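Input: a single structure, listed below in structure tokens.
The values are calculated or read from the model by the stated rules, or taken from the named source; none is laboratory data. Bear in mind that the values here come from a model prediction, so they are computed numbers and not experimental data. Every residue, glycine among them, receives a Cβ derived from its backbone with ideal geometry; neighbour counts consider all protein chains shown. Quick note on the areas: whole protein, heavy atoms, side chains included, nothing else; ligands and nucleic acids left out. Shrake-Rupley method; radii C 1.70, N 1.55, O 1.52, S 1.80 Å.
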Amino acid sequence: MSNLAAHNPTKKKMEHKEGLHALFDFATEGILITNEKGEIVNMNPSAEKLFGYEKGELVGRKIEMLIPQRFAKAHTSHREKFNHNPHARSMGAGIELFGKRKDNSEFPVEISLSPYSASEGKFVIAFIIDATARKKAEDQLKSYSRELEKDVNNRTMILREAISELEKTKEELGKSLQKERG
């Protein structure tokens, strides 16, 4: 910030506001804001793109529109509980979360929530990340792990069979040696 801005409260306030708008508009994470009723009051361009909607298309609609139908009813209950005890947190510890696009396709998401109050009421900011790449990498790692475990089990079985054969051969050689000595 320039020296002039430091001594000019109006300019400082304007730069602060512009910075917040830039943060919201240009963030690569999806950001959406809901009111206490679960109505979307604002979405950044990344969130709109993530869910496949046009600018402003979801304003005034319930957040549950972005959640697969099988989870929407439970989400309403979770949202109401959150409103009674709002606190910043990540969602879905230990469970997989999914978002629903406009075309009804689903994708794994990571979400964190931050409540705040303003003169207009209480709101929640949701930060949303498409977890498709992470989920795919995890699934691939699990697949590799299963394949490796199969290979280890197969090789262990082959080694056990080889050891068993060696023990039989050793036994037979021992018997043959006994016959020759005795």
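How about the stretch 22-62: which of its residues are in contact (Cβ under 8 Å) with a residue 40 or more places away in the chain and in a strand (DSSP E or B)?
G30, I31, L32, I33, T34, N35, V41
Would you confirm whether or not the stretch 126-139 contains a residue that is within 16 Å of L32 (Cα to Cα) and of a type in the set (S, T, Y)?
no
Looking at the stretch 49-64, which of its residues are of a type outside the set (G, A, S) and either at pLDDT below 95 or farther than 14 Å from F107 by Cα (or both)? Working first, answer last.
Of the stretch 49-64, the ones of a type outside the set (G, A, S) are 49-51, 53-55, 57-59, 61-64.
Result: Y53, E54, K55, E57, L58, V59, R61, K62, I63, E64.
Can you confirm whether the stretch 22-32 contains a residue that is at pLDDT 95 or above and of a type in the set (S, T, Y)?
No, the stretch 22-32 has no match at all.
Just one of the numbered conditions (1) farther than 12 Å from I128 by Cβ; (2) touching a helix residue (DSSP H, G or I) at 6+ places or on another chain (Cβ under 6 Å) is not true of F107; which one?
Checking F107 against (1) farther than 12 Å from I128 by Cβ; (2) touching a helix residue (DSSP H, G or I) at 6+ places or on another chain (Cβ under 6 Å), the one that fails is (1).
Those residues that are of a type in the set (V, I, T) and either open to solvent by 100 Å² or more (accessible area, probe 1.4 Å) or in contact with a His (Cβ under 6 Å, 6 or more places away or on another chain) (or both), I need them from the stretch 133-177; list them, please.
Result: I158, single match.
Here's a check for you: in the stretch 70-107, which residue that is basic (K, R) and in a loop (DSSP other than H, G, I, E, B) is least open to solvent (accessible area, probe 1.4 Å)?
Ranking the qualifying residues of the stretch 70-107, first place goes to R101.
Within the stretch 95-115, can one find any residue that is at pLDDT below 90 and under 30 Å from R61 (Cβ atoms)?
yes
Against the definition (of a type in the set (A, V, I, L, M) and either modelled with pLDDT of 95 or more or open to solvent by 60 Å² or more (accessible area, probe 1.4 Å) (or both)), how does A118 come out, yes or no? First the steps, then the outcome.
Details: of a type in the set (A, V, I, L, M): yes; either modelled with pLDDT of 95 or more or open to solvent by 60 Å² or more (accessible area, probe 1.4 Å) (or both): no.
For A118, the condition - of a type in the set (A, V, I, L, M) and either modelled with pLDDT of 95 or more or open to solvent by 60 Å² or more (accessible area, probe 1.4 Å) (or both) - is not met.
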